[in-house]
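Below you'll find the structure, written out as structure tokens, and then a few comments.
The values are calculated or read from the model by the stated rules, or taken from the named source; none is laboratory data. Computed from a predicted model, the values in this text were never measured in an experiment. Methodologically, a virtual Cβ is constructed for each residue, glycine included, from the backbone with ideal geometry; neighbour enumeration extends over all protein chains shown. Heavy atoms of the whole protein, side chains included, go into the accessibility calculation; ligands, DNA and RNA do not. Shrake-Rupley method; radii C 1.70, N 1.55, O 1.52, S 1.80 Å.
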Amino acid sequence: MYGNDFGAPEEASGGGLLGEVEAAEAALREAAARQRRRVPASDDDLAGFFAEIVEADQKIEPRDWMPEAYRKTLIRQIAQHAHSEIIGMQPEGNWISRAPSLKRKAILLAKVQDEAGHGLYLYAAAETLGISRDELVDLLLNGRQKYSSIFNYPTLTWADVGAIGWLVDGAAIVNQVPLCRCSYGPYARAMIRICKEESFHQRQGYEILHTLAHGTPAQKAMAQDALDRWWYPSLAMFGPPDGESTHSTQSMAWKIKRFSNDELRQRFVDMCVQQAEILGLTIPDPDLRWNDERQAYDFTQPDYDELMRVIKGDGPCNRQRMAHRRQAHADGAWVREAAAAYAAKRAVEKKEKVAA
Amino acid sequence: MNGPFEFTLRLGDDALIAAQRLAEWTTRAPEMEEDIALANIALDQLGAARLLLTYAGELEGAGRDEDALAYLRDDREFRNCLLVELPNDDFAVTMAKLLLLSAYQLPLYTALAECADERLAAIGSKTRKESAYHLDHAALWVKRLGDGTEESHRRMQAAVEQVWPYAAELFAPDPGAPVDPAALRAEFDATVTAVLAEATLTRPESGWAPAGGRDGVHTEHLSYLLAEMQVLHRAHPGAKW
Amino acid sequence: MTDPSPLWEVFVRARRGLSHTHVGSLHAPDAELALRNARDLYTRRQEGVSIWVVPASAITASSPDEKDAFFDPAADKVYRHPTFYEVPDGVAHL
Ligand SMILES: [Fe+2]
Ligand SMILES: [Fe+2]
């Protein structure tokens with residue numbers, strides 16, 4: 001409905017990813033149609049039955065038996081993902097009031113609104129695993145669950161809004177497209193819905209940068225500065241290198257995760273190089289070059305010590321983001337209480353009417 | 001002074017400033033679902049503002065587009081009512097403001113849809129549906145807060161009292177305009193009175209009727225709002241975004 | 001503190017001639033708010049012409065395909081709600 005009145009060059013902004021989402025959706029239907037025995041033979045067969053479904057690329061559904069660790073891993077991952085969508089509204093929300101044209105204001109507002117929607121889809125998916133949204137929100141607010149470290153960096157200029165759309169939403173898409181094939185049905189379906197919306201996000205960001213990079217010298221400098229600051233944090237979004245990643249192997253076996261951190265990071269870099277060229281901006285990596293043997297770009301790794309520091313809470317904006325979220329939650333308590341009280345009164349009236 | 005340009009500008013400025021205020025709620029709403037709802041309403045107001053300001057610019061014929069009108073005028077040149085520029089304050093005040101605004105915009109846009117000016121009529125027939133939704137949303141919350149807890153009742157009553165005086169300005173007679181605001185007052189009163197009654201709230205009696213927005217004499221708040229909204233655009237004269 | 005706001009399942013008819021399809025769930029204190037929230041959350045891109053909201057607690061599910069061992073004696077628990085059921089054929093891009 002909103003913000004569809006623009007278009008960045010299709011091939012330059014990852015249009016192929018949308019095709020991958022649709023392929024994942026088709027695969028989901030195909031696998032669902034495949035014949036397989038319908039129920040476990042006995043209670044001793046539960047684990048075998050679970051493994052069979054995963055093996056057949058079919059989906060585990062909420063009421064199925066599942067290993068406790070599978071359930072816990074999913075809750076942690078989906079919740080963290082949901083929290084990221086909600087906290088991630090803040091850095092971009094920071095520029096809604098100052099967006100430099102009414103068209104940009106409308107697009108940005110719609111985009112940040114989408115992220116709230118993503119958060120809610122994901123909380124709903126997590127709830128199918130036996131945890132309530134209230135519990136998850138508490139875990140976020142008291143710091144026991146994390147969100148993506150990228151949102152602990154500040155948006156200092158308008159170009160940062162472009163850089164977030166292009167790089168952060170771009171990296172998110174690279175990460176999330178494979179999740180459309182995740183073995184847990186509610187998560188896979190939420191991801192399909194989300195990825196379709198994300199492609200608009202990436203395109204609007206790319207278009208902002210494209211306009212700036214072809215604008216006045218001051219605008220171009222603003223765009224380059226944003227790329228300089230967001231490049232390495234975006235690479236760090238894929239997590240620590242494979243050797244140090246704690247959850248990866250088991251998640252791959254369960255088909256929650258489909259590719260390793262390093263594979264996804266490489267895919268992202270390979271995508272960005274040509275896109276940056278079209279922008280006329282320079283990726284801040286003097287060692288970035290094509291490797292003919294690997295058929296991929298060599299690049300400088302992000303500073304993983306910095307990533308760890310930010311995850312632990314010492315990024316530039318961790319405290320600010322959490323304080324903002326807590327404040328909003330606390331300020332809204334009286335409104336939520338009023339709505340519940342009103343609903344309770346109406347329910348009592350209804351009962352009395354029925355009784356009378 | 002009250003030609004179609006002036007009239008269209010007023011409506012456009014009302015919608016623009018309302019959108020700017022509503023968008024301030026993003027990431028701050030009492031519930032995540034409400035964050036989305038408020039953004040929807042802000043987007044509707046912003047969409048209306050863009051249509052109206054674009055048309056105002058054409059009527060003026062001085063080559064100003066929506067952005068020139070939004071970003072390159074000072075507060076004394078804005079023609080919005082004072083109601084929309086008031087700070088958001090708490091959620092009750094925001095809902096009280098939205099109730100008054102939408103109870104005014106709904107009959108206004110409905111009448112506009114029937115007016116002789118084709119462009120305004122087209123805008124009216126699009127925006128009246130949106131206004132109906134805004135009114136519905138505001139009424140829904142005013143009822144819940146008015147008839148919720150003791151605290152919410154107290155806050156909602158205070159909010160209604162705080163913003164009520166600003167309603168008067170909306171209906172200042174303008175017989176030459178495509179829609180004379182004075183003619184909308186009866187419907188507004190009926191709508192608002194019914195919502196307040198159902199919300200167990202008392203309709204305030206106020207002799208104080210602040211005004212001036214239509215002549216560019218605003219509250220102290222507008223200049224700050226514009227300073228923030230315009231800062232980036234003004235820092236890069238002539239740039240494209 | 002108030003009770004957590006109840007969970008609602010949302011069904012949208014995307015176009016005339018199609019049946020309502022489950023699209024997801026949301027929280028709201030009452031049906032009226034649930035309906036408004038559903039419109040905002042699930043039809044932001046004008047996908048829906050008609051929306052149903054149903055309290056998740058009012059849904060009784062039979063799913064012989066799912067063994068049900070894990071959550072066993074809690075058929076009335078919120079977390080057993082049938083959210084995100086599969087989108088049937090013919091409702092692309094819902
Ligand atoms: Fe998102
Ligand atoms: Fe996004």
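Data table
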item: Sequence-separation-based contact order of segment B:82-209, relative, with Cα cut under 8 Å and 6+ spacing, percent; result: 31 percent
item: Gain upon complete extension [residue A:330, residue A:156; 0.36 nm per residue less C-alpha separation]; result: 59.9 nm
item: Helix B:32-60 axis, angle to chain B major axis (alpha carbon atoms, nearest 10°); result: 30 degrees
item: Occluded residues from segment A:216-232, i.e. those whose accessible area drops by 50 Å² or more once the chain is not alone (1.4 Å probe); result: A:219
item: Using a Förster distance of 51 Å, the FRET efficiency for residue A:289-residue B:119 (Cβ separation, nearest 0.05); result: 0.35
item: Two-site FRET efficiency, residue B:208 against residue A:225, from Cβ-Cβ distance with R₀ of 51 Å, rounded to 0.05; result: 0.50
item: Average beta carbon contacts from partner chains per residue of C:16-26, 10 Å cutoff; result: 3
item: Nearest-20 debye value, chain B charge dipole, Cβ charges on Lys, Arg, Asp, Glu; result: 200 debye
item: Heavy-atom accessible area, 1.4 Å probe, ligands and nucleic acids excluded: residues of segment A:77-105 down by at least 50 Å² from chain alone; result: A:97, A:98, A:100, A:102, A:105
item: Inter-chain shielding of C:33-42 (mean C-beta neighbours from other protein chains, 10 Å cut-off); result: 6
item: Helix-only CD estimate at 222 nm, as mean residue ellipticity for chain A, using -39500 (n - 2.57) per DSSP H run (n ≥ 4); result: -20000 deg cm²/dmol
item: Eligible lysines near residue A:257 by straight Cα distance, threshold 18 Å, same-chain separation 8 or greater; result: A:59, A:72
item: Whole-percent carbon and sulfur share, accessible surface of chain A, 1.4 Å; result: 53 percent
item: Extension gain (nm, one decimal) between residue A:300 and residue A:71, 0.36 nm per residue minus Cα-Cα; result: 78.9 nm
item: Point-charge dipole on Cβ atoms (K/R +1, D/E -1) for the protein assembly as shown, about Cα centre, debye to 20; result: 700 debye
item: Hits among lysines - C-alpha to C-alpha of residue A:312 under 17 Å, sequence gap 8 or more where chains match; result: A:146
item: Degrees, to the nearest 10: B:118-146 long Cα axis against longest axis of chain B; result: 30 degrees
item: Carbon plus sulfur fraction of accessible area for segment B:84-241, probe 1.4 Å, in percent; result: 55 percent
item: For the protein assembly as shown: accessible area per residue (Å², 1.4 Å); result: 40 Å²
item: Estimated buried accessible area (total), pair C and B, 1.4 Å, Å² to nearest 100; result: 1000 Å²
item: Per-residue average of Cβ from other chains inside 10 Å of B:42-53; result: 3
item: At R0 = 51 Å, FRET efficiency that the Cβ-Cβ distance of residue C:60 and residue A:252 yields, to 0.05; result: 0.85
item: Cα-based reach from residue B:143 at 18 Å (exclusive), listing lysines while leaving out same-chain residues under 8 positions away; result: A:345, A:350, B:97
item: Size of the B/A contact, given as accessible area buried on both chains, probe 1.4 Å, in Å²; result: 4200 Å²
item: A versus C: buried accessible surface, summed, Å² (probe 1.4 Å, to nearest 100); result: 3800 Å²
item: Alpha-carbon centroids, segment B:30-98 and segment A:33-86: separation in whole Å; result: 48 Å
